[in-house]
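The values are calculated or read from the model by the stated rules, or taken from the named source; none is laboratory data. All values derive from a computational prediction rather than experimental measurement. Cβ: placed from backbone, ideal geometry, glycine included. Neighbour counts: every protein chain shown. Protein only, heavy atoms only, side chains kept; ligands, DNA and RNA dropped before computing areas. Shrake-Rupley method; radii C 1.70, N 1.55, O 1.52, S 1.80 Å.
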Amino acid sequence: MKVLVIGGGAREHALCRSLSQDPAVTELHCAPGNAGIAQVATVHPVDQLDGAQVAALARRLGSDLVVVGPEAPLVAGVSDAVRAAGIPVFGPSGEAALLEGSKAFAKDVMAGAGVPTARSYVCTTAEEAAEALDAFGPPYVVKDDGLAAGKGVVVTSDREAALAHATACDRVVIEEYLDGPEVSLFAITDGTTVLPLQPAQDFKRALDGDEGPNTGGMGAYSPLPWAPEGLVEEVLETVLQPTVDELHRRGTPFSGLLYAGLALTSRGTRVIEFNARFGDPETQVVLARLRTPLAGVLHASATGTLDQLEPLRWDEGAAVTVVIASEGYPAAPRTGDPIEGLAEAEAADGTAYVLHAGTKLDEDGRVLSAGGRVLSVTATGTGLAEARDRAYRALDRISLKGGQHRTDIALKAAG
């Protein structure tokens, strides 16, 4: 199988790493890729939002499968262009990807499917937003309706800050605050069959103790030793399958990766949000534990044959990933700094490795920072304590001027 992955972050590096270890994959390509991905795949320049360009590249490479990683190309309809070229693609249509592209659309689908979620109002004026904030009271939850790279959500007890965020967006969803721990659960679907993966937890705030601004995610771990028994089966039955069935009923079948962000509240499991692609950084830890070769699973989703797959096999151990971000992230990340110690951080036995998020090579072949989140240092172990220890030991070998990371990823769970 010749596989082309679209994207250039740590999620795509994690996907490429798993695909490169799959004996069924004879050629692996990535566009645009990054400095780390270039070590396991052939990288190509491409405008990843241009469906015609992506489809032309897939045709030229003779791709048997295209995997679209990020949300922006999915919402832009890149999958549609590749499908129209007759090439199997892992990733929903532009219409189905609105499940992530529009919070209001997602709420409408959840209402139709009877999926448990927070009560909410869709607001387009400052007056409507003010009324909604007062209806729910603090803490206030204000979500930009459109794509905002994981940074469009403000949760605050400061009414002025909540209203300022609401008025800075064209359209917002204001909803009740959901208490309880958060869980990310991915499921692979072909539009009919839904195959849940293992749950993970990510850390959205920039600083230790869940302080500081919201980010795209500063680390993650899997499994969740504290998760209630039967959680995956419950979410499959009450959230994932009903959502896929509702989209099918509407004539916009969803195939690809359906990601449910969940809150385990005092009143039961509730959906915080849906995403239409693998989450970053949770993908790094979920794929670290997946033992079933990845290409066949993604191809089955793309070709409507998931019901013919054998049950997925998982490593019984644990995985932890810690993000190294650049100075100034998330507000004003600094880029262009050299990164040292990457080779030293990798464990010879594969139990610790570095996934590149925002990196590039300079003319001398040095790896430079090229984004807000720069690296995902990932490790596995028999349990969370061992995986966590390995991840932080590997991270200590890497130097990036002004680089920042959280020191408490998986700390409580590993205890």
Response to the item:
Selection over region 205-238 where residues are under 13 Å from Val183 (Cβ atoms), in contact with a Ser or Thr (Cβ under 8 Å, 6 or more places away or on another chain) and of a type outside the set (Val, Ile, Thr) yields a count of 4
Response to the item:
If we keep only residues of region 278-318 that are within 16 Å of the chain's Cα centre (by Cα) and small (Gly, Ala, Ser), then the residue farthest from Val354 (Cα to Cα) is Gly279
Worksheet item: Is one or more of the residues making up region 242-252 under 23 Å from Gly383 (Cβ atoms), assigned to a loop (DSSP other than H, G, I, E, B) and either charged (D, E, K, R) or open to solvent by 10 Å² or more (accessible area, probe 1.4 Å) (or both)?
Response: no
Discussion item. Test of understanding: among Gly279, Gly261, which residue is among the small types (Gly, Ala, Ser), in a loop (DSSP other than H, G, I, E, B) and closer than 21 Å to Lys143 by Cβ?
Written reply: Gly279
Worksheet item: Cβ-Cβ below 6 Å, separation at least six or inter-chain, first residue in region 294-311 and under 15 Å from Asp22 (Cβ atoms) and small (Gly, Ala, Ser), second open to solvent by less than 10 Å² (accessible area, probe 1.4 Å) and in a helix (DSSP H, G or I): which pairs?
Response: Ala295/Leu19; Ala300/Leu306
Practice prompt. Specify the residue that is farthest from Gly9 (Cα to Cα); the eligible residues are those in region 372-412 that are among the small types (Gly, Ala, Ser) and free of Cβ contacts under 8 Å to residues at least 60 places away in the same chain.
Written response: Ala385
Practice prompt. Might you let me know whether region 144-152 holds any residue that is assigned to a strand (DSSP E or B), open to solvent by less than 70 Å² (accessible area, probe 1.4 Å), closer than 22 Å to Arg267 by Cβ and at pLDDT below 90?
Written response: no
Worksheet item: In the set Ala187, Ala206, Ala166, which member is open to solvent by less than 30 Å² (accessible area, probe 1.4 Å), in contact (Cβ under 8 Å) with a residue 40 or more places away in the chain and part of a helix (DSSP H, G or I)?
Response: Ala166
Worksheet item: Within region 108-130, how many residues turn out to be under 23 Å from Glu237 (Cα atoms), open to solvent by 30 Å² or more (accessible area, probe 1.4 Å) and out of contact with any Lys or Arg (no Cβ under 7 Å at 6 or more places or on another chain)?
Response: 5
